[in-house]
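Colleague: I'd like to ask you about the structure that follows.
The values are calculated or read from the model by the stated rules, or taken from the named source; none is laboratory data. Fair warning: this is a prediction, and the values are worked out from it, not measured in the lab. These area figures cover heavy atoms from the full protein model, side chains too; ligands, DNA and RNA do not enter into them. Shrake-Rupley method; radii C 1.70, N 1.55, O 1.52, S 1.80 Å.
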Amino acid sequence: MRRYGKHTDEDDVRVRPNRKGNRPRSSIRPKHEDAEEGFVLTVDRGRVTCLVEDRTVTAMKARELGRKGIVVGDRVGIVGDLSGEKDTLARIVRVEERSSVLRRTADDTDPYERVVVANADRLAIVTALADPEPRPRLIDRCLVAAYDAGLEPLLVLTKSDLAPAGPLLETYAPLGVPYVVTTHENFDDTATEAVREHLRGGVTAFVGHSGVGKTTLVNALVERQRATGHVNAVTGRGRHTTTSALALPLRDEAGWVIDTPGVRSFGLAHIDPSRVIHAFPDLEPGTEGCPRACSHDEPDCALDAWVADGHAEPARLFSLRRLLATRERKEGD
């Protein structure tokens, strides 16, 4: 058997032929500093639709990105055929740092986080006042996720012609969450404009239970139309007609909306309860006297004395503890 020394001649080294006829693998990957910037509109079975300038480009994730996921709202670097013509395919080689990430889990025991959208500025929580009935615990959970992600929440109440909005609004009044009340699923210009005023100049993710009119509202706000469904008269549940998240521009191009599939659960296993207090700036100074690792819902919590001394409204402390409690309860409770 022939052995090679430390300084072999290339001609003396036998090279096994490449049966596939392609180039040999290399660990050296190009950096692609000249990649064009794209905005991810939707992701479907490995194909990523991006907006590059004024063109819609279909791309796939480059191998060098490894297991790094790409979600709607991501800002990415793209190379390859960026013409946007039919049957062309570009390559995503870079995912820019995200300014915000909205996450959820399947339930409160699931350790796997699912990124819903990236780089959103606000979260519009759409719920019907009837048909289907409102689910305050689901709303609470969405609020906790919005606060944790640093998103501004917006409460959109639909179908006010079927039930009054007052009782539900009274529940969330202490949180100071902005809201819009609309009538049935046929949104008129007045209702649409009221919602649009909250969305200008940013990216807004829409979440809500199936059948609440979320996609119908999105259709009224944007140019492109998505399929809508109906509510089952027996179960009171809506049908999932939106199966993937999709970013769409507002009609006046003053912002973006991201329509997400209807949810029936919003797990918070990824949420650290200690971060929820940051959404209550009037209560946060009162935690300085709390014992270490205080849950803010125990007998020696300093917030009780802080509120009793008049530094904040009792309803605000109640709201904080209600939101913290959603971390331990199921949505249907």
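Colleague: With every atom except the alpha carbons ignored, what do you get for Rg and Dmax of the stretch 92-214, in angstroms?
Modeller: 15.2, 51
Colleague: State whether the stretch 272-317 is rounded, prolate or oblate according to the following rule on the C-alpha gyration tensor (a ≥ b ≥ c being the square roots of its eigenvalues): a/c under 1.5 gives rounded; otherwise a/b larger than b/c gives prolate, and the remaining case gives oblate.
Modeller: Oblate, since a/c reaches 1.5 and b/c is not below a/b.
Colleague: Below 8 Å, C-alpha to C-alpha, sequence gap of six or more: please give me the relative contact order for the stretch 94-183 in percent.
Modeller: 27 percent
Colleague: Another question, if that's okay. Rounded to the nearest whole Å³, what is the per residue volume of the convex hull around the Cα atoms of the stretch 41-84?
Modeller: So the per-residue hull volume is 76 Å³.
Colleague: Just the number, please: carbon plus sulfur as a percent of the accessible area of the stretch 247-333, 1.4 Å probe, no ligands or DNA/RNA counted.
Modeller: 51 percent
Colleague: Report the semi-axes of the equivalent ellipsoid for the stretch 68-108 in whole Å, largest first, where each axis is √(5λ) for an eigenvalue λ of the Cα gyration tensor.
Modeller: 28, 13, 8
Colleague: Same structure again: Over the stretch 110-189, give the accessible area per residue in Å² for a 1.4 Å probe, as an integer.
Modeller: 40 Å²
Colleague: Next up: Summarise the accessible area of the stretch 47-127 (1.4 Å probe, protein heavy atoms) by the percent that is carbon and sulfur.
Modeller: 43 percent
Colleague: Using DSSP, restrict attention to beta bridges with both residues in the stretch 86-211 and report what percent are antiparallel, rounded to the nearest 5.
Modeller: 20 percent
Colleague: Sorted from largest down, give the three principal axis spans of the alpha carbons of the stretch 139-182, whole angstrom values.
Modeller: The Cα atoms of the stretch 139-182 stretch 33, 17, 15 Å along the principal axes, largest first.
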